[in-house]
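Written out below as structure tokens is the structure these notes cover.
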Amino acid sequence: MSTYTIVIIIMIIVVALVLLLSLLTISKGYAYKHKVDPLPDEEENKKQEDNEEEEKK
């Protein structure tokens, strides 16, 4: 085989590998479950509601 053919084959392999790794990374990113901390007001309201429910019992 000529040098150009070998270089083209290696380039195609590298491009395919980079594309595969990029798709894998994107897939993992979409699968990640993001967690958001509640707002401080929401935490206080929840605590107050829990305390009121305990007092009723």
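Structure summary
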| read-out | value |
| --- | --- |
| Qualifying residue in the range 22-30 (condition: modelled with pLDDT under 85 and of a type outside the set (Gly, Ala, Ser)) | no |
| Single unsatisfied condition, residue 3 versus (1) modelled with pLDDT of 80 or more; (2) surrounded by 10 or more Cβ atoms within 10 Å (Cβ to Cβ) | (2) |
| Members of the range 15-34 that are of a type in the set (A, V, I, L, M, F, W, C) and either loosely packed, with under 10 Cβ neighbours inside 10 Å or in contact (Cβ under 8 Å) with a residue 12 or more places away in the chain (or both) | 31 |
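The values are calculated or read from the model by the stated rules, or taken from the named source; none is laboratory data. None of the values given here were measured: they were computed from a predicted structure. As a convention, Cβ positions derive from the backbone with ideal geometry for all residues, glycine included, and neighbour counts pool all protein chains shown.
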